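Written out below as structure tokens is the structure these notes cover.
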Ligand SMILES: [Zn+2]
């Protein structure tokens, strides 16, 4: 079955898809595409944050007591601190489809030229569709 056949068959799925795709198409017109997760900047894990953290490690050295601290490579430092994108339960509506209270996940609308991103908190249905193109099954 193709997308249109699925939508014709299930009015609730169709309603979800209309809400989701209206927002997604609006973003696409402005040059954004949707990806799962938020960029490191959103969690204060940018390269500048890393640099400041390294400075702090050195500043915290006690004279005559401490040897130089271990400073991990940026990617390792960032990945160790990056949340998994699970935002937990909220009463707020899904920011893409308007879905009711439930668990929320981090998604970003990203534009490369010029670089910009918009963080979204979305429902599991929207997350699945963005991640794999899978339509919600339990509607
Ligand atoms: Zn949603």
Inset, instruction - Using only the C-alpha atoms of the chain, find the volume of their convex hull and express it per residue in Å³. - result: 136 Å³
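Would you mind giving the average projected area, over all directions, of the Cα convex hull of segment 44-83 in nm² with one decimal?
Averaged projected hull area, Cα only: 3.0 nm².
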Inset, instruction - Return the single residue from 64, 31, 85 with maximal mean-square fluctuation; model: Gaussian network over the chain, springs between Cα atoms under 10 Å. - result: 64
Inset, instruction - Return the ratio Rg/(2.2 N^0.38 Å) for segment 59-115, where Rg is computed over Cα atoms only. - result: 1.94
Inset, instruction - Please build a GNM for the chain, connecting alpha carbons under 10 Å apart, and tell me which residue among 83, 69, 119 fluctuates the most. - result: 69
Legend entry - Max mean-square fluctuation residue, GNM over the chain, Cα-Cα springs under 10 Å, options 43, 70, 32: 70
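We did not get these values from a lab; they are worked out from the coordinates using the rules stated. Owing to the predicted nature of the structure, the values given are computational and were not obtained by experimental measurement.
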